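S.K.: First, the structure itself, so that you have it in front of you.
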Amino acid sequence: MFDYVIVGAGSAGCVLAHRLSANPATKVLLIEAGGSDAHPFVRIPAGFSKLFKTARDWNYHTEPQPGCAGRAMYWPRGKMLGGSSSINAMIYMRGHRADYDEWKALGNAGWGYDDLLPYFRKNENNQRGADKYHGESGPLCVTDLHGPHALSHAMVAGFAECGVPTTRDFNGATQEGAGINQVTMLDQRRWSAADAYLHQIRNRPNLRVVQQALVQRVVFDGRRATGVEYRERGGAVQTASAGREVLLCAGAIGSPQILLLSGVGPAAQLQGLGLPVVHDLPGVGENLQDHLISGVIMGVNRRDTLAKAESLGSLLRYFFRKQRGLLASNVAEVCAFLRTQPDLPAPDLQFHAAPGYFFNHGLGREKIHGASIGATLIRPYSVGRLTLKSTDPAAHPALDPRYLSDPRDLALLVEGLKLARRVFASAAFAPHRTVELKPGPDVRSDDEIAAAVRQTCETLYHPVGTCRMGPSGEKAAVVDPQLRVQGLAGLRVIDASIMPVIPRGNTNAPTMVIAEKAADLLLQA
């Protein structure tokens with residue numbers, strides 16, 4: 001018997017394990033489907049794509065996407081301690097003030113920007129020190145990138161020539177502009193949610209961490225959650241009891257999947273699979289949103305790009321010169337935010353730029369010297385859903401983000417690629433460029449660019465929204481503003497799946513802040 005059973009040791013679960021077990025009288029169980037994060041490619045910043053399609057990756061794929069040339073899109077997600085914070089590009093980004101104020105306006109009291117800013121500050125240990133927007137005593141180490149590449153500086157200057165001002169802080173008073181990212185690193189090594197919140201408290205006697213354990217369902221007594229059933233690596237099935245609450249922190253894919261397998265979700269879907277209906281909750285799995293990226297790769301005349309990150313010289317420099325050099329790069333060194341229309345309330349495009357040829361998730365990274373600028377839809381109009389394909393908990397659900405189903409999304413990405421080309425054509429980048437590699441100089445018209453986008457776009461790894469937060473009684477909502485599953489007791493969802501609308505920016509920092517606020521809600525309860 002535990003007080004709290006936490007499902008998932010990712011960005012949210014690690015936070016909750018830390019905060020809830022701080023009271024020695026509170027017994028906490030943290031269950032993780034994956035294993036240890038002790039792997040060199042977890043620690044080495046530029047090595048993250050080497051973890052894709054390994055045992056430390058859930059290796060999801062979407063359903064074939066008509067808007068993306070019929071492709072089934074690859075979705076990597078971290079399957080280890082730290083979750084996707086152990087496999088991401090380490091960009092520290094909060095999103096725009098308007099995002100959280102919109103959450104509040106949708107009926108979620110306590111979730112506006114001013115409500116959440118104290119939690120962002122509490123979470124953060126920023127090397128620049130504390131101010132109105134930043135903290136310096138939190139668990140999450142946030143640093144300036146060590147030695148950004150000359151190509152990164154040239155791309156920032158190129159954005160400035162195109163009318164995008166240079167900024168030093170995307171997470172301060174103004175998000176808009178172009179600049180070098182701050183990153184979640186310490187001494188040029190990844191600093192994940194597990195590093196920040198979990199590893200230093202593993203010896204607490206009131207905290208138990210179980211790895212390689214797949215949660216199969218939530219156990220109910222009537223409409224109250226009393227624990228979870230999970231399968232150990234060897235196949236044995238165990239039940240863990242929660243005296244207070246079960247906390248689902250399995251992410252935008254795992255949390256709705258577990259709810260559905262537990263009989264919580266749209267009744268017709270559950271009945272169609274022969275699952276008993278514990279609670280008819282139509283919103284489970286709906287409202288799936290993600291950031292889609294497509295870009296331009298320019299050939300360069302330099303021979304020190306990320307294509308050489310795995311060379312012997314680069315390895316020696318990283319391991320014997322205080323973790324410096326190309327391997328200390330987070331790859332996406334540069335971001336930019338802008339509004340394509342002046343009357344928009346906030347940016348609608350984000351750009352990620354890398355001093356290297358980065359394409360197809362970096363799998364089998366081509367040894368070609370180039371620079372990459374990707375345009376990213378940060379407030380997509382296209383919304384999808386997640387459904388079960390099987391009652392087997394080990395089977396992946398059907399993921400249908402319906403990418404580019406709304407034509408406005410495709411039009412916006414076309415404009416994004418055109419701006420990326422202008423950045424590469426700038427005087428600031430002129431000393432470095434050779435010839436465009438992708439989509440290529442023969443792709444000129446808007447229709448040709450649109451076709452290239454459909455063929456090459458990829459996820460930016462930010463699925464959210466599938467257990468949407470909303471006011472009590474709202475039909476589309478899965479959880480209320482206290483993150484309690486509507487219509488049930490003893491069960492909350494605490495991760496990126498509760499986001500009613502996707503933030504304008506990378507989602508790792510917001511997920512940790514959701515958990516920080518949830519910890520307070522639990523302690524108050």
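The values are calculated or read from the model by the stated rules, or taken from the named source; none is laboratory data. Since the structure is predicted, the reported quantities are computational estimates derived from the model, not experimental observations. Please note: Cβ atoms are built from the backbone with ideal geometry, for glycine as well, and neighbour counts cover all protein chains shown.
S.K.: Using the structure shown, decide if Cys457 is buried (at least 20 other Cβ atoms within 10 Å of the Cβ), closer than 30 Å to Arg492 by Cα and either touching a Leu at 6+ places or on another chain (Cβ under 7 Å) or touching a residue at least 12 places away in the same chain (Cβ under 8 Å) (or both).
M.R.: Criteria not met by Cys457.
S.K.: I'm told Asp495 meets every condition in (1) over 24 Å from Leu140 (Cβ atoms); (2) touching a residue at least 60 places away in the same chain (Cβ under 8 Å) except one. Can you identify the failing condition by its number?
M.R.: Unmet condition: (1).
S.K.: Could you give me the residue pairs with C-beta distances under 7 Å whose first residue belongs to the range 61-72 and is on the phi < 0 side of the Ramachandran plot and modelled with pLDDT of 95 or more, whose second residue is acidic (Asp, Glu) and surrounded by fewer than 20 Cβ atoms within 10 Å (Cβ to Cβ) wherever it lies, and which are 6+ apart or on separate chains?
M.R.: Thr62/Asp400; Glu63/Asp400; Ala72/Glu63
S.K.: Let me ask another. Looking at the range 151-177, I want the residues that are part of a helix (DSSP H, G or I) and have a partner that is exposed (fewer than 13 other Cβ atoms within 10 Å of the Cβ) with Cβ atoms under 7 Å, at least 6 apart or on another chain. Which pairs are those?
M.R.: Close Cβ pairs satisfying both conditions: Glu161/Ala427.
S.K.: On the basis of being touching a Ser or Thr at 6+ places or on another chain (Cβ under 9 Å), basic (Lys, Arg) and part of a loop (DSSP other than H, G, I, E, B), does Arg217 make the cut?
M.R.: Judged against the criteria, Arg217 is not a match.
S.K.: Would you pick out the residues in the range 340-379 that are among the basic types (Lys, Arg) and surrounded by fewer than 20 Cβ atoms within 10 Å (Cβ to Cβ)?
M.R.: Selection gives Lys367 alone.
S.K.: Run Val334 past the list (1) under 17 Å from Met155 (Cβ atoms); (2) surrounded by fewer than 14 Cβ atoms within 10 Å (Cβ to Cβ); (3) of a type in the set (Val, Ile, Thr) and report the number of the one that doesn't hold.
M.R.: (2)
S.K.: Something else about it: Taking the range 262-273 as the region of interest, how many residues are buried (at least 24 other Cβ atoms within 10 Å of the Cβ) and among the aliphatic types (A, V, I, L, M)? Before you say what the answer is, go through the steps one by one.
M.R.: So the first thing to find is which residues in the range 262-273 are buried (at least 24 other Cβ atoms within 10 Å of the Cβ), and the list is 262, 264-265, 270.
Imposing the further condition that a residue be among the aliphatic types (A, V, I, L, M) reduces the set to 264, 270.
Final tally of qualifying residues: 2.
S.K.: Would you say Pro503 is at pLDDT 95 or above, in contact with a Pro (Cβ under 8 Å, 6 or more places away or on another chain), not aliphatic (A, V, I, L, M) and not in a loop (DSSP other than H, G, I, E, B)?
M.R.: No.
S.K.: Looking at Arg121, Arg94, which is the one that is closer than 22 Å to Ala173 by Cα, of a type in the set (Lys, Arg) and part of a loop (DSSP other than H, G, I, E, B)?
M.R.: Residue meeting the stated conditions: Arg94.
S.K.: For the range 194-211, name all the residues that are within 20 Å of Val246 (Cβ to Cβ) and either among the polar types (S, T, N, Q) or part of a helix (DSSP H, G or I) (or both).
M.R.: Within the range 194-211, Tyr197, Leu198, Asn206, Gln211 meet the criteria.
S.K.: Out of everything in the range 109-127 that is in contact with an Asp or Glu (Cβ under 8 Å, 6 or more places away or on another chain) and surrounded by 15 or more Cβ atoms within 10 Å (Cβ to Cβ), what residue ends up being nearest to Gly370 (Cα to Cα)? Break it down stepwise before answering.
M.R.: Filtering the range 109-127 for residues in contact with an Asp or Glu (Cβ under 8 Å, 6 or more places away or on another chain) gives 112-113, 119, 122-127.
Filter again for surrounded by 15 or more Cβ atoms within 10 Å (Cβ to Cβ), leaving 112-113, 119, 122-126.
Working: Gly112: 41, Tyr113: 38, Tyr119: 39, Lys122: 39, Asn123: 36, Glu124: 34, Asn125: 34, Asn126: 31 Å.
Result: Asn126.
S.K.: If you don't mind, there's one more thing I want to ask. Any residue in the range 490-509 that is more than 15 Å from His291 (Cα to Cα) and among the charged types (D, E, K, R)?
M.R.: The answer is yes; a qualifying residue exists.
S.K.: Could you check the range 90-108 and list, in sequence order, the residues that are at positive phi and either assigned by TED's automatic domain parsing to the domain that holds His146 or surrounded by fewer than 21 Cβ atoms within 10 Å (Cβ to Cβ) (or both)?
M.R.: Gly107
S.K.: Further, regarding this structure: Six or more apart or on different chains, Cβ atoms under 9 Å: show the pairs whose first residue is in the range 473-489 and in contact (Cβ under 8 Å) with a residue 24 or more places away in the chain and whose second is among the small types (Gly, Ala, Ser) and part of a strand (DSSP E or B).
M.R.: If the second residue must be among the small types (Gly, Ala, Ser) and part of a strand (DSSP E or B), the pairs left are Val478/Gly265; Val485/Ala225; Leu488/Ala225; Ala489/Ala225.
S.K.: Another one. Would you mind stating whether Arg56 is out of contact with any Pro (no Cβ under 7 Å at 6 or more places or on another chain) and under 27 Å from Asp480 (Cβ atoms)?
M.R.: Considered against the rule, which asks whether it is out of contact with any Pro (no Cβ under 7 Å at 6 or more places or on another chain) and under 27 Å from Asp480 (Cβ atoms), Arg56 comes out as no.
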